[in-house]
Amino acid sequence: MGSFGLLAPLAWRNLWRNPRRTWITLAVVGVGVWSILAFDVLLKAWVESSRQEALRLLTGEGQIHAQGYLDDPGVAQRMPAPSGPLLAALNGPVVSAWAPRIRVTAIIQSEYRTRAVTLVGVSPAAERKVSDLPGQILAGRYLASPDEPGLVIGKDLAEKLKTRLGKRVIVMAQAADGHLGEIGLPIIGLFGNTKPAQDEFIFTGLGAAQRFLGAGTDLSEISFDAAPDAGPNNAVAALSRAAPRLDIQSWETLEPLAFTVQSFSQTYVAVWLIVMFVLMAIGIVNTQLMAVFERTREFGLMQALGMRPRLIVVQVVLESALLIALGVGLGVGLMVLTVLPFAGGLDLGPLGESMENYGASSILYPKLDAHDALTVGVVIWLLGVAVTVWPARSAARINPVLAMAAL
């Protein structure tokens with residue numbers, strides 16, 4: 001401890017003997033740490049956006065269907081409303097909320113244009129518990145009851161149909177008995193979400209849709225969210241035991257793109273960390289080797305005065321540790337300053353339209369996680385200190401006689 005107390009202030013003063021070299025190294029480490037954290041923050045914001053867009057639109061954390069519905073999503077593949085063990089499981093401790101739906105492929109026709117869409121009959125009160133869409137109404141209102149024969153469509157779809165709020169449109173779909181059903185419904189609300197969702201889905205009351213399709217009280221699907229202490233997989237297992245003949249899946253299989261992005265996000269960050277650290281290591285090692293060669297006589301003199309080689313190694317490593325710690329702090333500070341202006345959201349503009357095609361929102365909400373910043377900082381510091389052992393050992397191997405002869 002006595003040696004450390006002597007070497008620490010000496011190491012700090014040595015850093016600023018050549019301020020230009022110190023600032024260059026600080027910049028290399030700081031920018032490297034900033035780039036790793038920036039990649040991590042943006043990737044996690046995209047992952048969370050993709051997951052939330054998938055889960056909070058219609059998917060939920062899991063869904064229940066009749067066998068064969070996902071292969072042929074028509075009114076023929078429907079199931080009875082939940083009862084008995086299934087109803088008890090849905091209202092049990094493993095499920096926090098669930099919403100019944102009827103969902104079929106349909107055609108919507110305005111005065112001017114016709115589009116293929118997906119008609120979804122919903123129960124508004126239940127839907128608000130598992131979906132964010134009821135709160136994304138841009139004009140008009142959401143459905144008031146399951147029996148309301150109104151229609152909520154996407155704002156983008158309304159523009160493509162050249163129709164507007166309050167207008168009546170024709171909806172056509174194959175009914176349960178096989179004939180082509182047709183019904184006129186008024187547009188009572190326009191919702192905003194990703195453009196693919198706006199173009200694909202139209203919503204009406206669950207009871208109204210069941211009557212239109214002649215499906216009685218049958219359903220196409222049930223979307224559910226798992227209780228926080230249960231998790232989606234445990235909820236799926238419990239529901240599968242209650243209704244073994246139904247097809248019950250978690251969001252991980254229903255939304256493979258969002259799950260894949262989430263699964264590989266940390267791998268992408270690790271790869272980027274390795275790439276950036278290799279670049280930083282080259283700069284750090286070269287800088288430290290140059291510093292050692294320039295201080296050959298100094299290290300030789302210190303050994304001649306009785307300083308042991310291992311203490312020279314400690315001094316050089318200590319200098320590097322202080323320098324890299326400052327660089328890590330600089331990088332984290334830069335990342336904090338980068339994230340702060342976007343606390344209210346980062347609008348990606350034209351790039352966001354492309355991201356919407358992959359299920360993400362055009363607005364990301366980047367935030368720096370303290371645990372991630374600490375982890376990246378510690379890893380970079382440890383690896384940075386490790387690579388400076390080579391220059392430190394080179395300093396310790398200096399022959400004091402030859403070094404003194406050069407004075």
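The values are calculated or read from the model by the stated rules, or taken from the named source; none is laboratory data. Being a predicted model, the structure only gives us computed values, none of them experimental. Quick reminder, even Gly has a Cβ in these numbers, built from the backbone with ideal geometry, and neighbours come from all protein chains shown. Just so you know, the surface numbers come from the protein's heavy atoms only, side chains and all, with ligands and any DNA or RNA stripped out. Shrake-Rupley method; radii C 1.70, N 1.55, O 1.52, S 1.80 Å.
Residues are listed down the side, and each one gets a yes or a no for (1) in contact with a strand residue (DSSP E or B) (Cβ under 9 Å, 6 or more places away or on another chain); (2) part of a loop (DSSP other than H, G, I, E, B):
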{"residue": "Asn193", "(1), (2)": "yes, yes"}
{"residue": "Asp199", "(1), (2)": "yes, no"}
{"residue": "Thr204", "(1), (2)": "yes, no"}
{"residue": "Gly216", "(1), (2)": "no, yes"}
{"residue": "Asp225", "(1), (2)": "yes, no"}
{"residue": "Ala230", "(1), (2)": "yes, yes"}
{"residue": "Asn233", "(1), (2)": "yes, no"}
{"residue": "Ala238", "(1), (2)": "yes, no"}
Scanning the range 97-133 residue by residue, the ones that are touching a residue at least 40 places away in the same chain (Cβ under 8 Å) and in a helix (DSSP H, G or I) total 4
Expected single match for assigned by TED's automatic domain parsing to the domain that holds Lys195 and on the phi > 0 side of the Ramachandran plot among Gly154, Gly140 is Gly140
Does Ile153 satisfy the criteria of being among the β-branched types (Val, Ile, Thr) and open to solvent by less than 10 Å² (accessible area, probe 1.4 Å)? yes
Could you grab me the full set of residues in the range 232-261 that are surrounded by fewer than 17 Cβ atoms within 10 Å (Cβ to Cβ) and at pLDDT below 85? Pro256, Leu257, Thr260
Assigned by TED's automatic domain parsing to the domain that holds Leu213 and either closer than 22 Å to Arg51 by Cα or in a helix (DSSP H, G or I) (or both): does that describe Pro146? no
